[in-house]
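For reference, the structure discussed in these notes is given below.
Each value in this text was obtained by applying a stated rule to the coordinates, not by laboratory testing. The shown structure was predicted, so the numbers you read here are calculated from the model rather than taken from an experiment. Counting neighbours? That spans all protein chains shown, and the Cβs are built from the backbone with ideal geometry, glycine included.
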Amino acid sequence: MIHGVIVKPLRVNADDRGYLMEMLRCDDVVFERFGQAYVSLNYPGVIRAWHWHQKQSDIFVCVKGMIKVGLFDARDGSPTQGQLQEVVMGEHNPVLLKIPIGVVHGYVTIGVAPSLLVNFPTQPYDPANPDELRLPWDTPDIPFDWVTKNR
């Protein structure tokens, strides 16, 4: 596991009416501060990668469909520098994923249905000065396998 990455199981409270699932609370150990909240719709097989931030952490919850998240620790001096981590998350594995500042990340929608990813970044997006550094999804610098292995 990459230093500072947190995978927190979420509790689904279901009854005959449906369900309720808390995602993030201000008294949660993963909470730093509120920057903004947004949802991203992603079609099956779409890869959104790679990027990282210098000022914000991301907090992902996939509320519909399934995604495979790739994480790469490129932080100088990190105890897990150079390590990869994979997290499969979504409606069949409801977890919250906290991605700390400087950890390179991306994801692919897996399965046959679109995914809905909710993100709670700790800073609001600034279009005049975006806090986003990028690499192509297939960069040779990150040996992550986007292909579903157990077909």
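Using a Gaussian network model on the chain with a 10 Å cutoff between Cα atoms, which of Asp131, Asp27, Asp58 fluctuates the most? For the chain, modelled as a Gaussian network with Cα springs under 10 Å, the answer is Asp27.
Here the stretch 6-134 is treated with +1 on each Lys and Arg Cβ and -1 on each Asp and Glu Cβ, and its dipole about the Cα centre works out to around 140 debye.
Normalised by the number of residues in the chain, the mean separation of alpha-carbon contacts (under 8 Å, six or more apart) gives a relative contact order of 35 percent. Label-to-label distance for Arg25 and Val147 is 4.4 nm, based on points extended 7 Å past Cα in the beta-carbon direction. Its Cα centre serving as origin, the stretch 1-57 has a Cβ charge dipole (Lys and Arg +1, Asp and Glu -1) of approximately 240 debye. Modelled spin labels at Arg17 and Leu133, positioned 7 Å past Cα toward Cβ, are 4.8 nm from each other.
Our summary of shape: the Cα atoms of the stretch 6-134 have principal axis extents of 50, 34, 33 Å, ordered from largest down, in whole angstrom. For the stretch 22-37 versus the stretch 66-83, the spacing of their alpha-carbon centroids is 22 Å.
Taking a straight line from the alpha carbon of Lys98, these aspartates and glutamates sit under 20 Å away, with near neighbours fewer than eight places off in the same chain left out: Glu22, Asp27, Asp28, Glu32, Asp58, Asp73, Asp76, Glu86, Asp131, Glu132.
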